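The values are calculated or read from the model by the stated rules, or taken from the named source; none is laboratory data. Because the structure is a prediction, the values reported are computed rather than measured. Note that we place each Cβ from the backbone using ideal geometry, even for glycine, and neighbour counts take in every protein chain shown. Please note that ligands, DNA and RNA were not included when accessible areas were found on the heavy atoms of the full protein model with its side chains. Shrake-Rupley method; radii C 1.70, N 1.55, O 1.52, S 1.80 Å.
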Amino acid sequence: MSIPTKIPISSLFHRSAAPFFNPTKIPTPPHRFLFSKTITKRISSNQPLLSSPPSSSSLQRVEELPPKLQEIVKLFQAVQEPKAKYEQLLFYGRNLNALDSKYKTTENKVQGCVSQVWVRAYFDEDKNVIFEADSDSMLTKGLAALLVQGLSGRPVEEIVRVSPDFATLLGLQQSLTPSRNNGFLNMLKLMQKKALQLYVEAERGESPSSGVSGIGDSAISDGGEGESEIGGDLREDLGGNSELGSRGRRIEEILKELRPTAIHVEDISYQHAGHSGVAGSDGETHFNVEVISEEFEGKSLVKRHRMVYSLLQDELQSGLHALSIVAKTPSEAVAQ
Amino acid sequence: MMMMISMESAVVKLPPSLRTIKLNPNRKNRILRTAPFASSASAPAPAPLSTDPQLGPGSLGHLTRPDFPILHQEVNGKRLVYLDNAATSQKPAAVVDALRNYYELYNSNVHRGIHYLSAKATDEYELARQKVSNFINASESREIVFTRNATEAINLVAYSWGLSNLKEGDEVILTIAEHHSAIVPWQFVAQKTGAVLKFVNLGEDEVPDVGKLREMISKRAKLVVVHHVSNVLASVLPIDQVVSWAHDVGAKVLVDACQSVPHMVVDVRSLDTDFLVASSHKMCGPTGIGFLYGKSELLSSMPPFLGGGEMIADVYLDHSTYAELPSKFEAGTPAIGEAIGLGTAIDYLSAIGMQKIHEYEVELANYLYDRLSSVPSVRVYGPKPSRSVTRAALCSFNVEDVHPTDIATFLDQQHGVAIRSGHHCAQPLHRYLGVNSSARASLHFYNTKEDVDDFIISLYDTINFFASFK
């Protein structure tokens with residue numbers, strides 16, 4: 001093409017001599033298209049496409065999984081053909097007990113699923129966790145059933161230690177889309193969170209509730225679901241890890257701005273080891289925080305939490321993944 | 001009896017750009033007819049299969065398929081059947097080449113430099129703008145503002161025109177079938193200005209109620225925001241009429257043409273619309289570029305949207321003066337290569353002819369609708385195609401007792417068929433229809449009758465699989 005001798009008029013209006021490349025900061029408009037959570041190109045069915053390729057050292061060994069889950073993993077490994085795996089999955093789903101509709105609440109709903117999934121957890125007499133779940137999608141229900149069957153009847157410590165990597169061991173990842181896998185991971189996470197909640201509730205001397213909404217783990221997003229007040233300052237009784245790393249100590253220091261009469265920071269990151277939020281951080285990612293301070297007087301729960309969050313902004317932006325907050329005034333703390 | 005013919009061997013591969021499509025002589029007659037449908041006037045009986053020359057061997061789909069490299073692959077061991085075009089279209093080799101050429105030969109920032117590369121890049125970029133302008137028959141190319149996509153274009157109108165023209169009590173008329181990008185920015189504007197959003201529901205044929213729409217356009221209405229073609233219902237709105245009703249009361253009209261510009265002739269002057277938006281990636285162009293069309297007197301009166309370089313004339317410390325159209329609305333370095341790619345896509349489409357594309361797609365749309373609605377326990381949304389009612393080449397549907405996600409997953413994994421499941425960025429519409437989500441198969445001119453046949457067969461298999469587990 002020859003050298004253009006004409007330059008469109010519109011470009012001549014721009015008189016500045018120095019070119020300056022100013023990447024505009026465009027406010028994020030709603031996306032035009034419906035996006036899937038992860039985008040993976042599938043060329044052939046033979047290649048397992050993993051969002052984060054696990055090294056053999058980080059994959060939890062099958063022997064460490066709860067016994068029923070081990071059985072399930074082995075069963076799926078024995079089934080080679082993708083369609084047969086589906087059939088197996090649907091078979092599990094069909095045998096899943098229906099969940100009473102009163103348990104299909106927001107607190108029990110799994111985020112990140114294209115279909116609707118609910119999970120409920122409660123203790124049996126031996127303080128083992130029993131799960132129930134349901135979904136309007138048969139494949140998702142199958143996945144839920146796998147988890148329910150694999151994890152029900154086990155103690156909390158075992159459940160929270162299950163790494164989501166075992167999904168790879170199932171070999172279902174090849175047969176399921178990434179967004180479904182996300183749902184799977186989120187289901188597992190929710191189940192683990194609920195198991196932990198049951199544990200925390202029980203330790204606090206509350207009667208093991210039937211697992212209906214109560215405590216919500218304060219995630220990053222503001223205005224989390226209704227938090228019930230837990231009586232008493234019983235954190236010490238949990239016997240949590242009393243040694244704090246640098247972040248834990250920083251959190252303690254920062255929260256002193258609230259002039260607390262009592263403060264307890266507990267690092268529970270180990271329970272979340274292996275899931276996506278932890279990767280790339282220094283390991284101090286999840287904390288339970290309890291603060292007792294006059295500053296909370298007259299403030300709503302949401303407002304109290306916001307105070308704590310805003311103080312910890314820098315930490316939240318540098319690897320702190322989640323906080324579980326208990327914020328009380330001294331009078332509330334004393335009352336049972 | 002279904003004919004599966006591998007068309008690759010029968011087609012002569014013509015040079016990618018500026019192709020002329022050689023048609024069968026008997027097809028010429030079809031192109032000239034005025035009624036764009038199958039001649040049977042009765043309600044949808046299954047369309048005659050391989051005897052229809054428009055869809056049979058040598059159809060537009062068969063002829064153009066070789067131009068799209070991405071379609072020639074296998075997914076999960078099966079031939080890829082790509083039926084998600086309403087989400088994004090595929091790109092002909094010419095467009096991919098154009099992008100490559102840009103970066104290999106003349107990449108340079110536009111409008112700023114003097115040197116050879118910069119002048120060439122500017123030339124091509126402005127030429128692309130002219131191509132867009134011609135494609136939709138705008139009066140002049142400065143009525144075309146390049147944006148990142150249609151969503152950004154709507155936001156531009158909302159923040160620039162909306163915030164400075166709407167006041168408390170003014171009404172913005174929309175339909176409940178609008179895409180989220182046509183709703184949410186106006187919610188922002190309504191919150192800030194006190195304007196009121198009013199929504200038109202669907203009529204009995206599952207199309208926005210045009211009569212009610214007309215009634216709602218009262219003196220209080222200042223803006224009407226409507227889709228041209230619905231990405232869920234496949235319905236088409238009579239934009240020219242809507243525009244005349246709006247102008248009668250002094251209201252402006254913003255047309256979301258994302259699903260129309262890629263598939264049919266769209267003439268902004270004949271429609272007389274004030275604003276029109278579209279995205280490149282839905283019309284065989286690259287992602288990352290779209291455009292806003294606005295009448296020049298309107299755009300000239302609007303304040304800038306994004307600030308920065310390019311959109312200014314003089315910059316002082318405490319204030320600046322702004323550039324002329326269209327630069328006023330194009331802050332920062334644009335997606336130059338992408339704009340040029342869009343221009344190439346327009347060349348490609350124009351060489352085929354939008355009328356031709358439209359007619360082929362109407363045939364394919366009817367075929368898809370007929371076959372899909374004949375599948376037991378399938379419910380397709382939107383109007384029935386007929387002599388007076390055109391459907392776009394897409395079908396959103398639900399299968400009784402089977403979740404759309406299950407359908408889409410199984411179709412993909414077991415059959416290599418790509419459809420979409422979800423709410424398709426139209427939650428209010430789904431809520432109105434009483435469902436959480438739906439599945440959607442959407443076609444483009446490079447799809448063939450065999451694609452539809454494969455889809456239907458795979459769908460039967462999918463439904464049977466899940467039914468056996470009930």
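Points to keep in mind about this one:
- Filter result (among the acidic types (Asp, Glu), out of contact with any Gly (no Cβ under 9 Å at 6 or more places or on another chain) and under 24 Å from A:LYS85 (Cβ atoms)) within the range B:420-470: B:ASP461
- Scanning the range B:409-423 for residues being facing chain A (nearest Cβ under 7 Å), under 24 Å from the mean Cα position of the chain (by Cα) and open to solvent by less than 20 Å² (accessible area, probe 1.4 Å) gives a total of 1.
Conditions tested, residue by residue: (1) modelled with pLDDT of 95 or more; (2) open to solvent by less than 10 Å² (accessible area, probe 1.4 Å); (3) part of a loop (DSSP other than H, G, I, E, B); (4) within 14 Å of another protein chain (Cβ to nearest Cβ).
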residue: B:GLU152; (1), (2), (3), (4): yes, no, no, yes
residue: B:SER164; (1), (2), (3), (4): yes, no, no, no
residue: B:TRP186; (1), (2), (3), (4): yes, yes, no, yes
residue: B:GLN191; (1), (2), (3), (4): yes, no, no, no
residue: B:GLY211; (1), (2), (3), (4): yes, no, no, no
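- B:GLU330 vs. criteria crowded, with 22+ Cβ neighbours inside 10 Å and under 19 Å from the mean Cα position of the chain (by Cα): no
- Test: B:TYR116 is open to solvent by 10 Å² or more (accessible area, probe 1.4 Å), more than 20 Å from the chain's Cα centre (by Cα) and more than 14 Å from every other protein chain (Cβ to nearest Cβ): no
- Just one residue in the set B:VAL75, B:VAL81, B:VAL110 is over 30 Å from B:SER396 (Cα atoms) and within 14 Å of another protein chain (Cβ to nearest Cβ); that residue is B:VAL110.
- Contact map, the range A:290-316: residues that are in contact (Cβ under 8 Å) with a residue 60 or more places away in the chain and buried (at least 17 other Cβ atoms within 10 Å of the Cβ) paired with residues that are hydroxyl-bearing (Ser, Thr, Tyr) and assigned to a helix (DSSP H, G or I), Cβ distance under 8 Å, separation 6+ or inter-chain. No pairs are found.
- From the list B:TYR360, B:TYR432, B:TYR367, B:TYR381, the lone residue that is within 21 Å of B:PRO66 (Cα to Cα) and among the aromatic types (Phe, Trp, Tyr) is B:TYR360.
- Residues that are within 14 Å of chain B (Cβ to nearest Cβ) and over 20 Å from A:GLN149 (Cβ atoms) were ranked within the range A:105-115; the one that is modelled with the lowest pLDDT is A:GLY112.
- Each residue in the range B:442-470 was checked for being more than 14 Å from every other protein chain (Cβ to nearest Cβ) and assigned to a helix (DSSP H, G or I), and 11 pass.
- Some residue of the range B:298-311 being aromatic (Phe, Trp, Tyr) and open to solvent by 30 Å² or more (accessible area, probe 1.4 Å): yes
- Condition check for A:LYS68: open to solvent by 40 Å² or more (accessible area, probe 1.4 Å), touching a Gly at 6+ places or on another chain (Cβ under 8 Å) and at pLDDT 90 or above: yes
- For the range B:231-244, the count of residues that are at negative phi, touching a helix residue (DSSP H, G or I) at 6+ places or on another chain (Cβ under 6 Å) and small (Gly, Ala, Ser) is zero.
- Matching entry among B:ALA128, B:ALA121, B:ALA177 (being crowded, with 20+ Cβ neighbours inside 10 Å, touching a residue at least 24 places away in the same chain (Cβ under 8 Å) and not in a helix (DSSP H, G or I)): B:ALA177
- Test: residue in the range B:379-390 that is more than 15 Å from B:LEU80 (Cα to Cα), within 14 Å of another protein chain (Cβ to nearest Cβ) and open to solvent by less than 10 Å² (accessible area, probe 1.4 Å): no
- Among the residues examined, B:ASP370 does not qualify as of a type in the set (D, E, K, R), modelled with pLDDT under 95 and open to solvent by less than 40 Å² (accessible area, probe 1.4 Å).
- Pick from the range B:304-323, criterion closer than 24 Å to B:SER280 by Cα and in contact with a helix residue (DSSP H, G or I) (Cβ under 6 Å, 6 or more places away or on another chain), ranking: farthest from the other protein chains (Cβ to nearest Cβ): B:PRO304
- Close pairs (8 angstrom Cβ cut-off, 6 or more residues apart or separate chains): within 16 Å of B:SER388 (Cα to Cα) in the range B:357-375, assigned to a helix (DSSP H, G or I) anywhere: B:GLU359/B:ARG30; B:GLU359/B:ILE31
- Tally, over the range B:50-105, of residues that are under 28 Å from B:TYR125 (Cα atoms), of a type in the set (Val, Ile, Thr) and surrounded by fewer than 20 Cβ atoms within 10 Å (Cβ to Cβ): 3
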